[in-house]
Amino acid sequence: MTKDWTSAISRRPVLAGILGVLGIAVVGGIAYEVSPRRRYKPSPFDDLLSKLSDRENASRVGAEVVRGTPGFNADRTKRSLRAKLADATLGDAISADLARDRLVEVRGWVLPETFASLCALAAKAA
């Protein structure tokens, strides 16, 4: 006589396995959400700087932008960027800069004006 496969499998080990996998997934999700992220000192530009994926390197580029721009005004730049990015994403603003040839040269690198301005604010905030 052949046994039915459902009678050969016990429920407890199957439930324990499912709960174990679920527990590992929950712990992994919590660890991912609580992972250490780089914290920056508060600045008046945080709403704009949150659009940058790598604020530290942007700050390095921004230091060169500020150095190459005599009379750089952070407040004027902040107002200009807020107006420009109010209804557009950073990608859209950069695309518009490229389409209109609004470019800035920084130590041999040619950058869109919006990105260069954001980097300069990152340098001022550092």
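The values are calculated or read from the model by the stated rules, or taken from the named source; none is laboratory data. Quick caveat, the model's predicted, so the values are computed rather than measured. A quick note on method: Cβ atoms are made from the backbone with ideal geometry, for glycine too, and the neighbour counts reach across all protein chains shown.
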Q | Residue list for segment 68-85, filter: more than 15 Å from residue 112 (Cβ to Cβ) and out of contact with any strand residue (DSSP E or B) (no Cβ under 9 Å at 6 or more places or on another chain) | A | 70, 71, 72, 73, 74, 75, 76, 78, 79, 82, 83
Q) Would you pick out the residues in segment 43-85 that are polar (S, T, N, Q), modelled with pLDDT of 90 or more and over 18 Å from the mean Cα position of the chain (by Cα)? A) 73, 77, 80
Q: Say whether the condition of being free of Cβ contacts under 8 Å to residues at least 12 places away in the same chain, among the acidic types (Asp, Glu) and under 18 Å from residue 52 (Cα atoms) is met by at least one residue in segment 69-77.
A: no
Q: Keeping to segment 86-114, report how many residues are surrounded by 13 or more Cβ atoms within 10 Å (Cβ to Cβ), under 17 Å from residue 49 (Cα atoms) and at pLDDT below 90.
A: 1
Q | Search result, residues across segment 94-118 that are in a helix (DSSP H, G or I) and farther than 17 Å from residue 83 by Cα | A | 98, 99
Q) of a type in the set (S, T, N, Q) and crowded, with 20+ Cβ neighbours inside 10 Å: does that describe residue 50? A) no
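Looking at segment 72-83, is at least one residue among the small types (Gly, Ala, Ser), assigned to a loop (DSSP other than H, G, I, E, B), surrounded by fewer than 17 Cβ atoms within 10 Å (Cβ to Cβ) and out of contact with any Phe, Trp or Tyr (no Cβ under 8 Å at 6 or more places or on another chain)?
First pass over segment 72-83, keeping only residues among the small types (Gly, Ala, Ser): 74, 80, 83.
Then keep just the ones that are assigned to a loop (DSSP other than H, G, I, E, B); that gives none.
So far as segment 72-83 goes, no, none of its residues is among the small types (Gly, Ala, Ser), assigned to a loop (DSSP other than H, G, I, E, B), surrounded by fewer than 17 Cβ atoms within 10 Å (Cβ to Cβ) and out of contact with any Phe, Trp or Tyr (no Cβ under 8 Å at 6 or more places or on another chain).
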